[in-house]
Structures are given as C-alpha cells and as structure tokens.
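The values are calculated or read from the model by the stated rules, or taken from the named source; none is laboratory data. In this text, all values refer to a predicted model and were calculated from it rather than measured experimentally. Virtual Cβ from ideal backbone geometry, glycine too; neighbours counted across all protein chains shown. For accessibility, only protein heavy atoms count, side chains too; no ligands or nucleic acids. Shrake-Rupley method; radii C 1.70, N 1.55, O 1.52, S 1.80 Å.
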There are 2 protein chains.
Amino acid sequence: MTDPQFKTWQSIQDEVLRRIHAREWPPGADIPNEADLAREFGCARATVNRALRALAEAGMIERRRKAGTRVALHPVSRATVDIPVIRQEVAALGKTYDYRRLSHAQAVPPTNVAQRLCPDAPCTALHVTALHLASGVPFVFEDRWINLDTAPAAATQDFVTTNANEWLLAHVPYTHGEIRLSAEAASEDEARVLRTDPGAPLFVMERLTWDHGRPVTLARLCYAPGHKIVTHLGTAP
Amino acid sequence: MTDPQFKTWQSIQDEVLRRIHAREWPPGADIPNEADLAREFGCARATVNRALRALAEAGMIERRRKAGTRVALHPVSRATVDIPVIRQEVAALGKTYDYRRLSHAQAVPPTNVAQRLCPDAPCTALHVTALHLASGVPFVFEDRWINLDTAPAAATQDFVTTNANEWLLAHVPYTHGEIRLSAEAASEDEARVLRTDPGAPLFVMERLTWDHGRPVTLARLCYAPGHKIVTHLGTAP
DNA sequence: CTCCTCAATATGTCTATACATAATAATTCT
DNA sequence: AGAATTATTATGTATAGACATATTGAGGAG
C-alpha cells in the first residue's frame, strides 16, 4: 500500500488531518503506529514522526510512549501569542514611544505578591511603577516587583531612563514564565495615571517569570482602554 | 573542538540559549551555521538543526535560507494559549456545564461583521446568540456569525441543543484562525444576559476561523466578570 | 548604470539505521 | 493472590549522507 504521493512531512500532516476531520479517525481513537504509517505512505518513519510531532505540538493529537498516538478527545486549539516589548508595540502603531518612571523603592512585597514572587522564604524585592506612553498618550501602566535574591544586579538600577522590562531582558535570563490575562475595572490610581475614568475596563496582563525555578519578576501591566491583543491559530499567520 | 558533552538537541538548545543570554551572541548577531556548530559540538547537523528550529519556533532566533541564523533583535516572547472548548473550561472548574440558545436567524451581517466574514462579496450568513452557564451561573455570552457559503451544512442546524462551536469543530474543518482579546464595558444587553451591571469590565474574545482562505465563522465571546486566561512562556509548563 | 542570469551557500527535508526511554504486558517469585 | 521482575512495544532521538530550495551576491549583457 505504498503511496508515493506522500513524500513530505507536510503532506503527511495534511493527510492525517484530513482523516481526523473526515472522522476516519474519530476523536479519542488510536491511530496506527509510526512504522505502519510509514509503510502505508511509503516514506521513512522519521518523516511520519515529524508530521505527528507537529500535530501533537498543535494539540490535535496526543502521544505517549508505548501507549501510541490518539486523536485528541477535545481539540484544544493552541494559539500562539507574540508578546513584543512595549517599545516595539508602540512603534508598530506608528507612534513615538516614551517612558516615565513613577516610583522606585526597595520594600517587602505584600502577601499576594510575595506568595508568587518568593513562595518559600521572605525576600527583599524592588518595587517599580512606571508609565509607557504612545505619542504622549498613556499606553500602559506598569506595576512591577523584582526579586533581588534572583536578580541582585537590579538593585543598582534606578530605572529612570531604562525601562525595567528591557533591562531585565538584557541582563537577567529567564527560562519560563506565566502570563495571566484579564479584564478589570480601573482603580482610582490607575484611572488617574492612564487619564481615564475609574471603573473603565482595562486589559490587564500579569507576567511572572522564572529562571530555573527561581522567580525573577512579577509585572502587572494595565493597558489603556481600547487595547487589543491578536493571536493566531494554526500554522500560517 | 569537538565537545562530547553536547549530545542531545536539548543540551545544544541550552548552550545556544546560554550564549545568547551571556551576550556571546548579542541580539541581532549572526550565529555560526549548522555545519560549523555541529563540528564544534561534535554532533550531527540534524541535531543542531533540531535545536535551532525549536528556538526559532519559540521566537528566540530568526532563520533564513542562505542568509543564516541570527539572534532575534527584539526577543518577542511567544506564549502559547490553550483554548479549550467552553464545556471543558467549565468542567475544569468543577462546575456543571449548561447551554442555552438565545436567538437564531439567517441574516445579512452588518458591515463590521461582513468586512471580516465575507470581505470579497456579499454572503448569506447565520446569526446565533447563546449563553454558556457554569453551575447555572452565566459564564460566556456568545454572538456568532457563520458564513453559509463556506459551511452550508450549518443551515440545517438550529443549535438549540448542540452548541455552535462544538458542532463546527466536528463538522467544518478549519486551517487557521485569528483571535482578538480585549477588555470592554458590558453593554445593556450583555449585562442583562450575564447578570451583571452595564459598564462592567468584560473579557472579550473574538475568534475568526478560516478554511483554506475562506472565512468560516466569526464568534464574539464575552466572559462574565472575573475571568482570567493563563498562558505559558518557554517550554515547561 | 541597471537588469538579468547563474553559481554559491545555508537552511530545509528525506532516508535508513541504530539505540534510548517510557510505559505497558507478561512472567516469576514470595 | 499480590508484589516484584522482565519482556515487549511505540515513541523519542542521534547519525551520516543526500538532495531540495530559497536567497544572496557576483558577473555579464544591454
């Protein structure tokens, strides 16, 4: 049953997707193993592996050693979000970027922050608040805590001219992070800084980054009203 | 300079990341080609390719044929968001899922919808609004348009018992999509349906899916106040 | 000087083979 | 029977070699 029309891993990926959509392989079903598929498609196992691995990364199928490969029961679509540095985000809008530091102090983080920034022991932290502007208009209000145990070099910076995110990107590596997105009503302070009304719906992004299990920084970014984030599903943009 | 300590593509990825963080290869710099790196690390070129490809997918480096590989100038962090079917989202919260269709009609989409759902020609579309509930409490208000030229089978469905998203996932394949996230103030209608106050900050997700260049459906999902989306940066969750 | 063609080059992919690893199934021991 | 050990199996990964493909840059024609 060697079919010479499937030569590239992309074409194999397409054929597998077709069978899933056509319900030849319904959700939850096991699909043949790589060796059998390679024989059927008339290609090397590595090529089948490449195709199936890509589909697994996209969340369409689930793979486990020995257990085999099965079609995902609930096709979780996995979207990728590009999160640029704010300076770039502003530049992409064709506006001029400006940055203003509002406050800067070493302090003991409040419990809700400490819980995530230093869950194990009490830590010293740097608290920085700042405003990012797009052509003079408030764009993002940033409220950031930096764990000085993980990033001691940050203590030497006052972040008046250099924004904290860019400095950290350049000087403190991180291995992984977590981002929480939500909609929240503007507080009195946030409304004043962002020049909007208290209660206005704000897009809020909370970022917590880690370096090999050690928390680096927790940033809360409040976007001015009207901000949108665009992400993509599937392969092509 | 063959260094036998780099055997797996993961270890090579780590080493490349280390050099990027250590500024041995600063942002924007070209990095050696695969063949040279393979020689340096004492491994096969395919192994280096695997490592670099993963880094490129993560947005850390940029690769172009002939031009070579360079460290990304602006380290856009690329986060992956898992977007489950709402039924699963509710189930994951330990609540019981319920679905209620509110309206259903074939109609000519308003211009702002038509612009995205059928940019080329006027099209017939199906308009469905529905409410998703978690343990009886309004969870998501859905306002969806379905392009009947792309998905004619949808015209036979009334979506009273089957929710449109799940039916579409099961019957109409899509190749890619776009998701827009924003925070918006609840309108009168939205507030009434979601049992909240007009002006309350709502997390809004607009999804537009395509099948080979043909728009399938445009869905606007308004989450009840308090909803958060969590995403991950880097490899490990 | 500009446009075009062509060769050089780095990444992209495929193949065949081999071994590693995780997880299950079968078997043996207590 | 129940626990511990071993075998089996499908995926995960590494390798060397080959060819494909996109781009760039140089050289030549107009």
Please go through (1) surrounded by 16 or more Cβ atoms within 10 Å (Cβ to Cβ); (2) more than 15 Å from DNA strand D (Cβ to nearest atom); (3) touching a residue at least 60 places away in the same chain (Cβ under 8 Å) for residue A:102 and return the number of the only condition it doesn't satisfy. (1)
Applying the selection to region B:189-211, what residues are in a strand (DSSP E or B) and in contact with a helix residue (DSSP H, G or I) (Cβ under 7 Å, 6 or more places away or on another chain)? B:202, B:208
What is the number of the single condition among (1) open to solvent by 60 Å² or more (accessible area, probe 1.4 Å); (2) under 19 Å from the mean Cα position of the chain (by Cα); (3) more than 20 Å from residue B:78 (Cβ to Cβ) that residue A:82 does not meet? (3)
Checked against (1) within 12 Å of chain B (Cβ to nearest Cβ); (2) assigned to a strand (DSSP E or B); (3) modelled with pLDDT of 95 or more, residue A:63 satisfies every condition except (1)
When the residues of region B:205-228 are filtered to those that are over 20 Å from residue A:204 (Cα atoms) and open to solvent by 30 Å² or more (accessible area, probe 1.4 Å), which remaining residue is modelled with the lowest pLDDT? B:212
Evaluate the following for residue A:125: is it out of contact with any Leu (no Cβ under 9 Å at 6 or more places or on another chain) and of a type in the set (A, V, I, L, M)? no
Residue match in region B:92-100 (condition: more than 14 Å from chain A (Cβ to nearest Cβ) and either on the phi > 0 side of the Ramachandran plot or within 16 Å of DNA strand C (Cβ to nearest atom) (or both)): yes
Subset of region B:33-43 [open to solvent by less than 60 Å² (accessible area, probe 1.4 Å) and part of a loop (DSSP other than H, G, I, E, B)]: B:42, B:43
Mind checking which residues of region A:130-166 are open to solvent by less than 50 Å² (accessible area, probe 1.4 Å), out of contact with any Phe, Trp or Tyr (no Cβ under 7 Å at 6 or more places or on another chain) and either closer than 21 Å to residue B:60 by Cβ or within 14 Å of chain B (Cβ to nearest Cβ) (or both)? A:141, A:150, A:151, A:164, A:165, A:166
Given (1) open to solvent by 20 Å² or more (accessible area, probe 1.4 Å); (2) within 14 Å of chain B (Cβ to nearest Cβ); (3) more than 29 Å from residue B:16 (Cα to Cα), where does residue A:193 come up short, assuming only one miss? (2)
Of the conditions (1) more than 16 Å from DNA strand D (Cβ to nearest atom); (2) of a type in the set (Gly, Ala, Ser); (3) part of a helix (DSSP H, G or I), residue B:56 clears all except one; give me its number. (1)
Would you check if residue A:137 is within 26 Å of residue B:19 (Cβ to Cβ), in the same structural domain as residue A:210 (by TED's automatic domain parsing) and not aromatic (Phe, Trp, Tyr)? no
From the list A:88, A:106, A:115, pick out the single residue that is more than 16 Å from DNA strand C (Cβ to nearest atom) and in contact with a Leu (Cβ under 6 Å, 6 or more places away or on another chain). A:106
Only one of B:19, B:64, B:50, B:70 is free of Cβ contacts under 8 Å to residues at least 40 places away in the same chain, within 13 Å of DNA strand C (Cβ to nearest atom) and not hydrophobic (A, V, I, L, M, F, W, C). Can you tell me which? B:64
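Taking the conditions exactly as written (in the same structural domain as residue A:207 (by TED's automatic domain parsing), of a type in the set (Gly, Ala, Ser) and in a loop (DSSP other than H, G, I, E, B)), does residue A:94 satisfy them or not?
Answer is yes for this residue.
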Take the conditions within 16 Å of DNA strand D (Cβ to nearest atom), on the phi < 0 side of the Ramachandran plot and at pLDDT 90 or above and apply them to residue A:45. Does it pass? yes
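Which one of A:173, A:215, A:225 is touching a His at 6+ places or on another chain (Cβ under 7 Å) and either at the interface with chain B (Cβ under 8 Å from one of its Cβ atoms) or outside any loop (DSSP other than H, G, I, E, B) (or both)?
On inspection, the qualifying residue turns out to be A:173.
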Could you say whether any residue in region A:187-197 is in contact with a strand residue (DSSP E or B) (Cβ under 8 Å, 6 or more places away or on another chain) and small (Gly, Ala, Ser)? no
Pull up region A:7-32, narrow it to residues that are in contact with a strand residue (DSSP E or B) (Cβ under 6 Å, 6 or more places away or on another chain) and open to solvent by 50 Å² or more (accessible area, probe 1.4 Å), then point me to the one that is farthest from residue A:48 (Cα to Cα). A:27
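Residues checked against (1) outside the structural domain of residue B:177 (by TED's automatic domain parsing); (2) more than 10 Å from DNA strand C (Cβ to nearest atom); (3) among the charged types (D, E, K, R):
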residue	(1), (2), (3)
B:23	yes, yes, yes
B:29	yes, yes, no
B:32	yes, no, no
B:35	yes, no, no
B:41	yes, yes, no
Could you grab me the full set of residues in region B:6-42 that are of a type in the set (Phe, Trp, Tyr), within 32 Å of the chain's Cα centre (by Cα) and more than 7 Å from DNA strand D (Cβ to nearest atom)? B:25
